[in-house]
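**Student:** Dropping a structure here in structure tokens format, bear with me for questions.
The values are calculated or read from the model by the stated rules, or taken from the named source; none is laboratory data. These numbers were taken from a predicted model, which means no experiment stands behind them. All Cβ positions, glycine included, derive from the backbone under ideal geometry; neighbour counts span all protein chains shown. For accessibility, only protein heavy atoms count, side chains too; no ligands or nucleic acids. Shrake-Rupley method; radii C 1.70, N 1.55, O 1.52, S 1.80 Å.
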Amino acid sequence: MDVELREVHDSDLPVFYRQLNDPEALHMAAFTPKDPADRDAFDAHWKRTRSSPDVVLRTILADGDVVGHSAVYGEPGEREVTYWVDRAYWGQGIATAALRRLLTEVPERPLYARAAADNEGSRRVLEKCGFRVTAEERGFAQARGEEIDEVVLTLEG
């Protein structure tokens with residue numbers, strides 16, 4: 001499967017909104033908006049994110065189809081990566097390929113990532129891209145309505 005990244009287009013947002021409202025994907029991601037179905041909040045978030053000069057934001061394409069998004073955001077020295085791939089495409093190497101491409105666009109290090117401790121798929125993606133678990137924390141997961149264990153991963157120079 002051919003995986004590419006490109007700038008986010010307005011036409012991608014309905015796809016992202018649908019993906020964000022997949023109950024199984026929400027549970028796995030865990031750390032999500034308080035109300036993923038709030039379209040006004042969704043639109044405001046994406047407007048802020050897309051206009052921020054400090055965010056590198058890309059749409060993930062697989063064989064030309066919009067399947068998710070990936071980003072690097074945050075303050076220098078504390079920047080984090082994030083990604084979301086449609087559940088229909090899980091387990092096909094798309095997230096790993098997309099993250100590898102994003103990491104070539106953003107050469108600064110260190111970079112950080114967070115994942116629910118039980119999200120083995122996301123941990124595998126990050127580890128395949130060179131991230132290593134450097135801390136364990138607990139945080140409130142909106143999608144699960146409770147505090148859960150999470151891991152912090154770091155990609156060094």
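**Student:** Would a scan of the range 28-44 turn up a residue that is of a type in the set (Phe, Trp, Tyr) and within 23 Å of Glu147 (Cβ to Cβ)?
**Tutor:** Yes, because at least one residue in the range 28-44 is of a type in the set (Phe, Trp, Tyr) and within 23 Å of Glu147 (Cβ to Cβ).
**Student:** Report yes if Ala25 is small (Gly, Ala, Ser) and under 15 Å from Gly68 (Cβ atoms), otherwise no.
**Tutor:** yes
**Student:** Looking only at residues that are in contact with a Ser or Thr (Cβ under 6 Å, 6 or more places away or on another chain) and assigned to a strand (DSSP E or B) in the range 97-116, which one is surrounded by the most Cβ atoms within 10 Å (Cβ to Cβ)?
**Tutor:** Ala115
**Student:** The conditions are (1) under 17 Å from Gly93 (Cα atoms); (2) crowded, with 19+ Cβ neighbours inside 10 Å; (3) without any contact (Cβ under 8 Å) to a residue 60 or more places away in the chain, and Asn119 fails exactly one of them. Which is it?
**Tutor:** (3)
**Student:** Sticking with this structure for a sec: Can you name the residue in the range 122-157 that is of a type in the set (S, T, N, Q) and under 23 Å from Asp35 (Cα atoms) and is also surrounded by the most Cβ atoms within 10 Å (Cβ to Cβ) among such residues?
**Tutor:** Across the range 122-157, the extreme among qualifying residues is Ser122.
**Student:** Can you tell me which residues in the range 76-94 are in a helix (DSSP H, G or I) and either open to solvent by less than 20 Å² (accessible area, probe 1.4 Å) or touching a residue at least 60 places away in the same chain (Cβ under 8 Å) (or both)?
**Tutor:** Arg87, Ile94, listed by residue number.
**Student:** Continuing with the same structure: Restricting to the range 133-157, count the residues that are part of a loop (DSSP other than H, G, I, E, B), at pLDDT 95 or above and out of contact with any helix residue (DSSP H, G or I) (no Cβ under 7 Å at 6 or more places or on another chain).
**Tutor:** 3
**Student:** Return the total of residues in the range 26-65 being farther than 16 Å from Ala115 by Cβ, among the hydrophobic types (A, V, I, L, M, F, W, C) and open to solvent by less than 40 Å² (accessible area, probe 1.4 Å).
**Tutor:** 8
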